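Trainee: One structure follows; several queries about it will come next.
Bear in mind these aren't lab numbers, they're just calculated from the coordinates by the rules spelled out. Note that the structure is predicted; figures quoted are calculated from it, not measured. Here the Cβ is made from the backbone with ideal geometry for all residues, glycine too, and neighbour counts use every protein chain on show.
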Amino acid sequence: MNFNLNSLVRENIKKMTPYSSARHEFSGSASIFLDANENSFGSPLPDNFNRYPDPLQLPVKEKLSKIKGVPVQNIFLGNGSDEAIDLFYRIFCAPGRDNAMIFPPTYGMYEVCAEMNDVKVNKVNLTKDFQLNIDAIETAIDPFTKLIFICSPNNPTGNSINRADVEIILNNFEGIVIIDEAYINYSKQKSFIPELTEYPNLIVMQTLSKAWGLAGLRLGMAFASRPIIELMNKVKYPYNINSATQLLALEALDNIEWVNEHIATTVTEREKLRNELLSLAATEVVYPSDANFLLVKIKAARRIYEELCDKGIIVRDRSKVVLCDDSLRITIGTPEENKQLIKELSKYKSN
């Protein structure tokens, strides 16, 4: 593979001068800040919220660096993973010309962000067992394909993508390969983060929304080569992660034991819920999952979804998604929530 990052970057991005915030221009220690037109008298809140946040979130990245084993310079933090996805399009895809490739069924924001950026999406459906169709992918790639998105474990199917197939793409595609590992903590599969040094075209996304239980903070992570991270920092908004999110993330990152304990509990509950779902008369298939949810093929899926909603139990109807006919995506809840779900579903007969 002949990978050339510079040839992939849009010309306007190469030429642009990034916005330089007051905090970018200063380093070191100081006691009087009169540079950013902040309210010098403070705010009704503690913790210096009258000051703009660290634009590069260095304290958070330093903690993540120790946890993930990745240098700070190889970490990007975004306002959710969706910010990173949007940046990939803005950096690498010329509107109306370039395209990205996705493998349905998969996470919907890859396509939504493409549409917002006027970037065409080439779709190659997964196989019936929700794996990559390597021959079809090779045929579908064209000279204007700049990005390939691989979600593993995949959403909404829950399975991990065959690692050897991912490596075939990494070794042969001359564009950017993004592996979305939002659910990796629930899987026995190893992360692709250690492979960053081997593949200059690799970006790995993770999040604090799932296993870390911080969906409300909206903090996504991207790990990549230093040149790619520098491009992302160049294009992002100056203060994309607010001070409150940074402070709470720092506190949460000190509690790895809590996270590991609840990962183990979730995996145990996942297997228990899977067995209980399989025992129900209306269930046809419970697909294997390496995530914190199960995709369940069930008779009268739409009707069951609506009736569960009426009872205050919300699952996700995926019946209209390709390869997911009559399927519900069910998040693993607490033992009591799972028990209540099974109680309601047990009322439905096979017909």
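Trainee: Kindly put Glu111, Glu306, Glu230 in sequence by how many other C-beta atoms sit within 10 Å of each C-beta, fewest to most.
Mentor: Ordered by Cβ neighbours within 10 Å, fewest first: Glu306, Glu230, Glu111.
Trainee: Also: Taking N as the number of residues in the range 1-111, what is its alpha-carbon radius of gyration divided by 2.2 N^0.38 Å?
Mentor: Against the empirical 2.2 N^0.38 Å value, I get 1.43 for the range 1-111.
Trainee: Related question: Which residue, Ile193, Met101, Met1, has the largest displacement toward the positive end of the dipole of the chain when charges sit on each Cβ (Lys, Arg +1; Asp, Glu -1)?
Mentor: Met101
Trainee: Taking the Cβ-Cβ separation of Thr139 and Asp54 as r and a Förster radius of 51 Å, what is the calculated FRET efficiency to the nearest 0.05?
Mentor: 0.65
Trainee: Figure the gain on full extension for Ser7 and Thr197 (residue separation times 0.36 nm, minus the Cα-Cα span) and round it to one decimal in nm.
Mentor: 66.4 nm is the gain from fully extending Ser7 to Thr197.
Trainee: For the range 18-77, what does the equivalent ellipsoid look like in terms of its semi-axes, each the square root of 5 times an eigenvalue of the Cα gyration tensor, given largest first in whole Å?
Mentor: Square roots of five times the eigenvalues give 26, 15, 10 Å.
Trainee: Taking just the C-alpha trace of the chain, give me its Rg and Dmax in Å.
Mentor: 22.0, 73
Trainee: Can you pull out the trypsin sites (Lys or Arg not before Pro) in the range 114-186 whose DSSP state is coil and whose Cβ has at most 15 other Cβ atoms within 10 Å?
Mentor: Lys128
Trainee: Relative contact order (percent) for the chain, with alpha-carbon contacts under 8 angstrom and 6 or more residues of separation?
Mentor: Relative contact order, the chain: 17 percent.
Trainee: Would you mind giving the average projected area, over all directions, of the Cα convex hull of the range 257-345 in nm² with one decimal?
Mentor: 5.7
Trainee: Scan around Met101 for amide H atoms under 5 Å from its own, H built in the peptide plane at 1.01 Å from N, and keep only partners 5 or more places away or cross-chain.
Mentor: Asn122, Leu147, Ile148, Phe149
Trainee: To continue, here is another question. Farthest toward the dipole's positive end in the chain, which of Ala244, Asn37, Asn233, given Cβ charges of +1 (Lys, Arg) and -1 (Asp, Glu) about the Cα centre?
Mentor: In the chain, that residue is Ala244.
Trainee: Run the dipole for the chain about the Cα centre, Lys and Arg Cβ at +1, Asp and Glu Cβ at -1, nothing else charged, and hand back the magnitude in debye, nearest 20.
Mentor: For this selection, approximately 400 debye.
Trainee: Let me ask something else. Name the residues of the range 50-92 whose amide N is less than 13 Å from a point 7 angstrom out from the Cα of Arg226 along the C-beta direction?
Mentor: Hits in the range 50-92 for Arg226 at 13 Å: 71-75.
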